[in-house]
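Some notes on the structure that comes next.
The values are calculated or read from the model by the stated rules, or taken from the named source; none is laboratory data. Treat the numbers as computed from the prediction; the structure is a model and nothing was measured. Heads up, the Cβs are rebuilt from the backbone with ideal geometry, glycines too, and the neighbour counts pull from every protein chain shown. Heads up: the accessible areas ignore ligands, DNA and RNA and are worked out on the full protein's heavy atoms, side chains in. Shrake-Rupley method; radii C 1.70, N 1.55, O 1.52, S 1.80 Å.
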Amino acid sequence: MSKEHSDSGGNDWIIDQGVLYLGNVSKEVPLFWYDNIEGKPHPSPELPLDEITNLEFNGELFEFGGFLDREPWVQWQVYATEFKIEIKGKHVAYS
């Protein structure tokens, strides 16, 4: 978290652990990519991924990308318009 953020207390922070809560979810689509042509139905949709390496949000779609059991590539699209981030652990970033 940048020191410019209103909750930073004037320090730059490294966030060690947090929880992302999504609200007003209308749809989710978990996809498993065996190739680079087309995502297929996910073999374990109840746990789409266990390592997130990419995250994009455009105001209505959260798009997570990453791995499940070290198998690339998993895509999880969650249509939601509300979110909350709870910081569970952080420490001051020293440069």
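Inside segment 1-27, residues that are surrounded by 14 or more Cβ atoms within 10 Å (Cβ to Cβ), out of contact with any Phe, Trp or Tyr (no Cβ under 7 Å at 6 or more places or on another chain) and assigned to a strand (DSSP E or B) make up a count of 1.
Criterion applied to VAL29, VAL78, VAL92, VAL25 was being under 12 Å from the mean Cα position of the chain (by Cα), of a type in the set (Val, Ile, Thr) and at pLDDT 90 or above, and the one residue passing it is VAL78.
Scanning segment 55-79 for residues that are assigned to a loop (DSSP other than H, G, I, E, B) and of a type in the set (Ser, Thr, Tyr) yields a total of 0. If you filter segment 53-75 down to residues that are over 17 Å from VAL19 (Cα atoms) and of a type in the set (A, V, I, L, M, F, W, C), you find that the one that is least open to solvent (accessible area, probe 1.4 Å) is VAL74. Among residues of segment 1-24 that are without any contact (Cβ under 8 Å) to a residue 60 or more places away in the chain, those with a Cβ under 9 angstrom from a residue that is assigned to a loop (DSSP other than H, G, I, E, B) and loosely packed, with under 12 Cβ neighbours inside 10 Å, sequence gap 6+ or separate chain, pair up as LYS3/GLY9; LYS3/GLY10; SER8/SER2.
Given the condition out of contact with any strand residue (DSSP E or B) (no Cβ under 7 Å at 6 or more places or on another chain) and not aromatic (Phe, Trp, Tyr), answer yes or no: does some residue in segment 74-92 qualify? For segment 74-92, residues out of contact with any strand residue (DSSP E or B) (no Cβ under 7 Å at 6 or more places or on another chain) and not aromatic (Phe, Trp, Tyr): absent. For segment 28-46, the tally of residues that are part of a loop (DSSP other than H, G, I, E, B) and either closer than 19 Å to TYR79 by Cβ or touching a helix residue (DSSP H, G or I) at 6+ places or on another chain (Cβ under 9 Å) (or both) stands at 4. Looking only at residues in segment 28-52 that are more than 30 Å from HIS91 (Cβ to Cβ) and aliphatic (A, V, I, L, M), which one is most open to solvent (accessible area, probe 1.4 Å)? Ranking the candidates gives ILE37 first. Flag: GLU63 matches the condition of being under 22 Å from MET1 (Cα atoms), out of contact with any Lys or Arg (no Cβ under 7 Å at 6 or more places or on another chain) and without any contact (Cβ under 8 Å) to a residue 40 or more places away in the chain.
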